[in-house]
Amino acid sequence: MIDTHTHLYAEEFDEDRKEAIQRAVDKGITEFYLPAIDSESHEKMLQLETEYPGQIFSMMGLHPCYVKPESWEKELEIVKKYLDQRHFPAIGEIGIDLYWDKTTLDIQVKAFEQQIDWAIERDLPIVIHTRESFDETFEVLERKKHPKLRGIFHCFSGNLEQAQHAIDLNFILGIGGVVTFKNGKIDQFLNEVPLDKIVLETDSPYLAPVPHRGKRNESSYLDLVAGKLVNIYGKDFSEIDRITTENAKNIFQIP
């Protein structure tokens, strides 16, 4: 299995990072993809990638919650510098978040668009964070439509219509702990989404699946997400594992 979205460099893992990674490896997780947040955590993230070559891979980007009036342009310069220096499997996590701060929508859109341009230039997928902002996110994606524009709607929590819209725009859905929540709702229609349009993720340390809901999430819980998909799709675990792993390899262009 591949955890396509995990913040293993987060301070929540400072006490037992090695053990948490080992627990995931013991569950059959072979690769971990780390989304970037902002310049304060880049070094920690990249260091972890260095310690686990061929297992842990860093993305690069500016998270919408960290698009601040006083610093966003400087933050984007740092992102571009990294993108010019080396290859990353994706630009992310980027997007629009109107849950925490609606006042920064205009600069969130500008930062999102700029990073989409870089992804298209470099032929890289993007990993989208969208929270209470599906309409605004789709507006940007429609405006930026391009044959090379593709990626993952991370932590997808929309409805079937939004899932279809994302797929029509050449995106696939990142499915994590929310699929196990009673009020998560996506389990009610997910079987209508083709399995080849889905990748697994944890978003650890956030959004732990049932029965760990409310506690720290970790990559080893990815099997609980896959287990829920077994019920939803009526396929066996190895089939869910095989297809979602293939999807992740295709999106991140892993040979």
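The values are calculated or read from the model by the stated rules, or taken from the named source; none is laboratory data. A quick note: this is a predicted structure, and the numbers were derived from the prediction, not measured. A quick note on method: Cβ atoms are made from the backbone with ideal geometry, for glycine too, and the neighbour counts reach across all protein chains shown. Areas reflect the complete protein model, heavy atoms only, side chains present, ligands, DNA and RNA absent. Shrake-Rupley method; radii C 1.70, N 1.55, O 1.52, S 1.80 Å.
Here are the numbers for this structure:
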| read-out | value |
| --- | --- |
| Members of segment 80-105 found to be open to solvent by less than 90 Å² (accessible area, probe 1.4 Å), among the β-branched types (Val, Ile, Thr) and either more than 24 Å from THR202 (Cβ to Cβ) or part of a loop (DSSP other than H, G, I, E, B) (or both), listed by number | THR104 |
| Members of segment 135-156 that are free of Cβ contacts under 8 Å to residues at least 40 places away in the same chain, part of a helix (DSSP H, G or I) and not aromatic (Phe, Trp, Tyr) | ASP135, GLU139, LEU141, GLU142, ARG143 |
| Criterion violated by ILE232 - all others in (1) β-branched (Val, Ile, Thr); (2) open to solvent by 10 Å² or more (accessible area, probe 1.4 Å); (3) under 18 Å from the mean Cα position of the chain (by Cα) satisfied | (3) |
| Subset of segment 163-178 (residues that are part of a helix (DSSP H, G or I), aliphatic (A, V, I, L, M) and either in contact with a strand residue (DSSP E or B) (Cβ under 8 Å, 6 or more places away or on another chain) or buried (at least 24 other Cβ atoms within 10 Å of the Cβ) (or both)) | ALA163, ALA166, ILE167 |
| Hey, ASN217 open to solvent by 10 Å² or more (accessible area, probe 1.4 Å) and either within 30 Å of VAL140 (Cβ to Cβ) or assigned to a loop (DSSP other than H, G, I, E, B) (or both) or not | no |
| Sole residue being closer than 18 Å to GLN47 by Cα and among the hydroxyl-bearing types (Ser, Thr, Tyr), chosen from TYR99, TYR82 | TYR82 |
| In segment 48-79, the residues that are part of a strand (DSSP E or B) and either more than 12 Å from PRO35 (Cα to Cα) or open to solvent by 10 Å² or more (accessible area, probe 1.4 Å) (or both) | PHE57 |
| Segment 236-255, residues that are surrounded by fewer than 20 Cβ atoms within 10 Å (Cβ to Cβ) and in a loop (DSSP other than H, G, I, E, B) | ASP236, GLN253, ILE254, PRO255 |
| Any hit, segment 132-152, residues being of a type in the set (Gly, Ala, Ser) and surrounded by fewer than 22 Cβ atoms within 10 Å (Cβ to Cβ) | no |
